[in-house]
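These notes concern the structure reproduced below.
The values are calculated or read from the model by the stated rules, or taken from the named source; none is laboratory data. None of the values given here were measured: they were computed from a predicted structure. Cβ coordinates were reconstructed from backbone atoms using ideal geometry, including for glycine residues, and neighbour counts include every protein chain displayed. All accessible areas refer to the heavy atoms of the entire protein, side chains included, with ligands and DNA or RNA removed. Shrake-Rupley method; radii C 1.70, N 1.55, O 1.52, S 1.80 Å.
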Amino acid sequence: MLPAMQELHVSNDILDNRVALEAAWDRDGYWFFRGVLDTEAVERLRSKFLDEIAQLGVISPGDPIARYSGKSLSEFPFRMEPLAARKIWKPFVAEPAIHRFFTRLLADEPFWIPTVEYRATPPAQDRSRPRFDYVHQDGFYNAGIPFLICWIPLAEIDADVGGLVLAEGLHKGPYLHDLSQPPLFPIPDGAVPAHAWRRTTYRPGDVVIMHLNTPHTGVANYSDRFRLSMDIRVMAASGNTPIVGNITSITQREVAVQGEDGRSGTFTFDESTYSRGLDGGKVPLDEIPMRFQPGDEVILASHEGRVTVLRPPH
Ligand SMILES: O=C(O)CCC(=O)C(=O)O
Ligand SMILES: [Fe+2]
């Protein structure tokens, strides 16, 4: 059993009230909205997940509840690489009803950061492991880009299925990650007081939007079915958005990028550059040019011509 936890605050009633929205954000470090995403659009996304995992034989074709068939998971693509390769987030955020919701929430056009996780989490195979998968603050591993995390359930996710838990009001810092424990710097047990954890039973149409420093984790799935969710990151388009695109050239001192939206430029590296490799660790300055090549997809943030963040989308 998951320990008893308070429910997330629901912010539907303040969706059009900027002052109240900002106050809730400042106090809690998240917004939770119920039933605001067009359920047909969510269903179209969900059916892509179901088709993919049915093809892998781990659920029966057409099974709407995605009950795990028991087939070995030794070949299961835990990061859903086939869905990632198809970039199925793009048609989802382009759905007019989805676009309208985020435009209303941000009071601006949404700018999507293509750091997307497609999660089809099977029932936990090892129940001796802790129920909380990995408590973390996204900001610790993604310094420099002030995005909002959008966690989107694609089916009902109750306490057995697990889902997301977050620590309310702990986004104002300092980071809880333990700097003396490389390379992952985990948050020590007990650093988040037990009373701060929040959850709810999630349903299609709901969305959790979190501050990038809000501690959170997935909860191991103790049900008989797959847990389906997608998390994606967004900013207001008028903010200081990074360039999302491809490297056109890279030398020991600078990198040139061509952004998908037409922005481009050449930027220099320096000691303040935060670069992250595919393994998630910080890349030393002199190794940056070896980690990236022309053609690579990157997210690049800059300040006065210098790179502040350079990283692959994932
Ligand atoms: O869904 C999960 O298991 C964790 C979600 C998460 O870490 C995120 O959305 O940043
Ligand atoms: Fe996260």
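Filtering segment 114-122 for residues that are buried (at least 20 other Cβ atoms within 10 Å of the Cβ) and among the hydrophobic types (A, V, I, L, M, F, W, C) leaves a non-empty set. Among residues of segment 127-138 that are among the β-branched types (Val, Ile, Thr), those with a Cβ under 9 angstrom from a residue that is open to solvent by less than 90 Å² (accessible area, probe 1.4 Å) and near ligand 2 (Cβ under 9 Å from one of its atoms), sequence gap 6+ or separate chain, pair up as Val135/His216; Val135/Thr217. Looking across segment 237-264, the residues that are open to solvent by 30 Å² or more (accessible area, probe 1.4 Å) and of a type in the set (A, V, I, L, M, F, W, C) come down to Ala237, Ile250. Regarding Ser47, is this residue among the hydroxyl-bearing types (Ser, Thr, Tyr), out of contact with any Phe, Trp or Tyr (no Cβ under 7 Å at 6 or more places or on another chain), assigned to a helix (DSSP H, G or I) and in the same structural domain as Val165 (by TED's automatic domain parsing)? In short, yes.
Scanning segment 137-159 for residues that are under 14 Å from the mean Cα position of the chain (by Cα), among the β-branched types (Val, Ile, Thr) and modelled with pLDDT of 90 or more yields Ile149, Ile152.
In segment 114-136, which residue that is within 13 Å of ligand 2 (Cβ to nearest atom) and hydrophobic (A, V, I, L, M, F, W, C) is farthest from the chain's Cα centre (by Cα)? This residue is Phe132. For the condition assigned by TED's automatic domain parsing to the domain that holds Phe132, assigned to a loop (DSSP other than H, G, I, E, B) and more than 20 Å from Ile152 (Cα to Cα), His195 does not qualify. All conditions in (1) within 25 Å of Asp108 (Cβ to Cβ); (2) open to solvent by 20 Å² or more (accessible area, probe 1.4 Å); (3) of a type outside the set (Lys, Arg); (4) in contact with a Phe, Trp or Tyr (Cβ under 7 Å, 6 or more places away or on another chain) hold for Leu8, with the sole exception of (2).
For every residue, the table says whether it meets (1) surrounded by 15 or more Cβ atoms within 10 Å (Cβ to Cβ); (2) closer than 18 Å to Asp231 by Cβ.
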| site | (1), (2) |
| --- | --- |
| Met1 | no, no |
| Arg27 | no, no |
| Trp31 | yes, yes |
| Gly35 | no, no |
| Glu40 | no, no |
| Leu45 | yes, yes |
| Glu52 | yes, yes |
| Val58 | yes, no |
| Gly62 | no, no |
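If a residue must be open to solvent by 20 Å² or more (accessible area, probe 1.4 Å) and either modelled with pLDDT of 90 or more or assigned to a helix (DSSP H, G or I) (or both), how many such residues does segment 279-302 contain? Count: 12. Selection of segment 168-212 for residues being within 15 Å of ligand 1 (Cβ to nearest atom), open to solvent by less than 30 Å² (accessible area, probe 1.4 Å) and either of a type in the set (Phe, Trp, Tyr) or touching a Pro at 6+ places or on another chain (Cβ under 9 Å) (or both) yields His171, His177, Ile187, Val192, Trp197, Tyr202, Asp206, Val207, Val208, Leu212. Contact annotation: residue pairs with Cβ atoms under 6 Å, 6 or more positions apart or on different chains, pairing a residue in segment 17-42 that is assigned by TED's automatic domain parsing to the domain that holds Arg198 and more than 30 Å from Ile88 (Cα to Cα) with a partner that is among the aliphatic types (A, V, I, L, M) and open to solvent by 20 Å² or more (accessible area, probe 1.4 Å), are Ala20/Ile14.
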